[in-house]
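> Shown below is the structure under consideration.
The values are calculated or read from the model by the stated rules, or taken from the named source; none is laboratory data. Since this is a predicted model, take the numbers as computed values, not measurements. All Cβ positions, glycine included, derive from the backbone under ideal geometry; neighbour counts span all protein chains shown.
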Amino acid sequence: MTKDYSEKDLLNDRHAEREWMVRTQLIDRDITDEAVIHSLLKVLRHRFVNEDKQEFAYYDTALEIEAEQTISQPYIVALMAQALGLKANDKVLEIGTGSGYSAAVLSRMALSVYTIERHDLLARLAEERFRNQGYKNIEVRVGDGTLGWLEKAPFNAILVTAGGPVIPDSLVNQLALGGRLVIPVGDKGEQHLLRVKKTLENELIEETLGLVRFVPLIGTKGWNEMGKSC
Ligand code: SAM
């Protein structure tokens, strides 16, 4: 498929590219949640990466960002957002703000998003992007996300966008009854994307959604800086 953009499309903050991305990378695969599709159509992914990466922003790939981290592939963001099964009134916790892109995607589908990033630089850049683009329901904090955000708990949904060795019990504890946690768990090369549902009866149901490759989740309940499980 070739991309053919008119001058108007380019002025329209690259809407045609997002339509192409959503059709070929999401709908042609297995993304069916209308709210997810609509959100990825609206969020300006090119504004979450450095200028030298902007031309690739709607390609089917993760891209490098500052602090040697990555902005996830659009399809993976959509897959995880779909797995969370968000409702308009949900309070969401994200671990791994990175560029801020996935928090922006989630914020269009939920009431509020709390996002934690361990790199101060990334947190500050993401906050600036949220402010410049008018996202008002996202709160950013610098810290170790493996411990969650106790003061704001419980959460209806928790998304972890880095791969850890285990499911942190702190995050499971901060999940509301009926809540969903999506997290990549495995070794540093490859992980299983897991979804944990906490039923209204406080039971946990775990499912595997497929294999993924994420940067490491580094923290008290993740890997240590040397790459060992804490
Ligand atoms: N959600 C991001 C986006 O849309 O750009 C992609 C995140 S990137 C794949 C993973 C992020 O998790 C990195 O920015 C990394 O610094 C962060 N991270 C790793 N361990 C963390 C921890 N314990 N707490 C908070 N952030 C963490």
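> Keeping to segment 51-61, report how many residues are away from the ligand (no atom under 12 Å from the Cβ) and in a loop (DSSP other than H, G, I, E, B).
4
> Filter segment 192-212 down to the residues that are closer than 15 Å to Leu159 by Cα and under 19 Å from the mean Cα position of the chain (by Cα) and list them by number. Show your work before the answer.
Filtering segment 192-212 down to residues closer than 15 Å to Leu159 by Cα leaves 192-198, 206-209, 212.
His192, Leu193, Leu194, Arg195, Val196, Lys197, Glu207, Thr208, Leu209, Val212 - these are the residues of segment 192-212 that are closer than 15 Å to Leu159 by Cα and under 19 Å from the mean Cα position of the chain (by Cα).
> Taking segment 67-117 only, how many residues are within 9 Å of the ligand (Cβ to nearest atom), in contact with a helix residue (DSSP H, G or I) (Cβ under 6 Å, 6 or more places away or on another chain) and either within 23 Å of Asp28 (Cα to Cα) or in a helix (DSSP H, G or I) (or both)?
Counting residues in segment 67-117 that are within 9 Å of the ligand (Cβ to nearest atom), in contact with a helix residue (DSSP H, G or I) (Cβ under 6 Å, 6 or more places away or on another chain) and either within 23 Å of Asp28 (Cα to Cα) or in a helix (DSSP H, G or I) (or both) gives 6.
> Can I ask one more? Out of (1) among the aliphatic types (A, V, I, L, M); (2) closer than 24 Å to Thr61 by Cβ; (3) at pLDDT below 95, the odd one out for Val185 is which?
(3)
> Please list, ordered by residue number, the strands (runs of 3 or more DSSP E) wholly in segment 159-230 having 1 or more residues that are farther than 15 Å from Leu84 by Cβ, more than 16 Å from the ligand (Cβ to nearest atom) and polar (S, T, N, Q). Give the steps one after another, and end with the answer.
Numbers: elements: 175-186, 191-198, 204-212.
Ranges flagged: 204-212.
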